[in-house]
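Single-structure report; data block below.
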Amino acid sequence: MLTHFPIALFITAVAFDLVGHWTKGPGLAQAAYYNLFVAASSTIPVVATGILAWQFQLDGQKLKGILLMHLVLAGVSSLIIWLAWWLHFRARRTSETLPSYRLPIEFLGVVVVGAEEKKTGHLGGFLSGVNGPG
């Protein structure tokens, strides 16, 4: 259940940032910053519990297929979320305007998070037996 927090917070932050960019609303930019901060922070327990589940449930076996893709997409998603937060953090700390290249990075993050979520749902269907054989 932890995985839903960084996903929802990141997508909401990107929406706030995009609308704030269009309307030049400082309140939305601030809301985007705090959402990104909580999203980035929440990736730490999500990644930690994912690694622990891999180690305890699969005895640290070499990952392949959907599980490997899930691990890679989760890592890339986490890095993009942290990068997006860092861009906002750096701009706030130095009192500069937010760089315009952050929006394509954030959109890439939404695509990667969406791809990961799709694979996670597919994986969850197999693990629960819904998409199993027969």
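The values are calculated or read from the model by the stated rules, or taken from the named source; none is laboratory data. Keep in mind that what you see is a predicted model, and the values were worked out from it rather than measured. Note: ideal-geometry Cβ built from the backbone for every residue, glycine included; neighbour counts use all protein chains shown. In case anyone asks, the SASA skips ligands and DNA or RNA and just uses the protein heavy atoms, side chains included. Shrake-Rupley method; radii C 1.70, N 1.55, O 1.52, S 1.80 Å.
Structure summary
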item	result
Which listed residue is of a type outside the set (Phe, Trp, Tyr), at pLDDT 90 or above and touching a His at 6+ places or on another chain (Cβ under 8 Å), from Leu103, Leu108	Leu103
Filter pass, Val112 being surrounded by 15 or more Cβ atoms within 10 Å (Cβ to Cβ), closer than 27 Å to His21 by Cβ and of a type in the set (A, V, I, L, M, F, W, C)	yes
Failed item, numbered, when Pro104 is tested on (1) assigned to a loop (DSSP other than H, G, I, E, B); (2) surrounded by fewer than 16 Cβ atoms within 10 Å (Cβ to Cβ)	(1)
Neighbours by Cβ (under 8 Å, 6+ apart or cross-chain): first from the stretch 91-107, without any contact (Cβ under 8 Å) to a residue 60 or more places away in the chain; second of a type in the set (A, V, I, L, M, F, W, C) and open to solvent by 40 Å² or more (accessible area, probe 1.4 Å)	Ala91/Leu98; Ile105/Leu83
Answer residue from the stretch 45-82, given it is in contact (Cβ under 8 Å) with a residue 12 or more places away in the chain and open to solvent by 70 Å² or more (accessible area, probe 1.4 Å) and is farthest from Gly114 (Cα to Cα) among those	Trp82
